[in-house]
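Quick note: the coordinates plus some simple rules give every number you see, no bench work behind them. These numbers come from a predicted model, not from an experiment. Because the Cβ atoms are built from the backbone with ideal geometry, glycine has one as well, and the counts that use them run over all protein chains shown.
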Amino acid sequence: MGFFKKIGQSIKKASKQISFKNAVRIAGSFDPTGIVSGISAAHEAKKAGREQDAADQVAYTSQKVGLIGGTIAGDMIRQTTQASMPYISKGVNDASGTIGAQVVSNTLKTWFTKNWKYLAYGVGGLVTVFVVLKMVKRSPMKGKKSMF
């Protein structure tokens, strides 16, 4: 029994110095059947799949967090815009009213500058007609009976 005991102790001692993973890799390189290297490759593929799943989960979680953050930010912006809209609208309306008044004022000023002669002729004609009617109404035969 001493022989097998020594073999067990040497394996135990070697296993403490060499990791199991390294032993499998070394054994896989000497394995003519390819069983050990196939098991090792399957283990590595499974490990890579778990790492990929973890990375996908992190990406999915960050996407969800980004979506939630974007939704919260969008709601905040919408609420802020809705709350400030009456004040913005009043300012915009006042500004557009001022601009509109300025446009009308400039239009009228330009129209009067171009057409003042026609306006003066029209007013003069109205005054002339009014004076003529006033003179015609006042007849020289005031108080006398007329033939007509």
*Estimated vicinal HN-Hα couplings, Hz - region 6-11 in sequence order (Karplus 6.51, -1.76, 1.60; Gly, Pro = x)*: 5, 4, x, 5, 5, 5
*Please work out the FRET efficiency for the pair Asn115 and Asp94, using the Cβ-Cβ distance as r and a Förster radius of 25 Å; give the result to the nearest 0.05.*
0.20
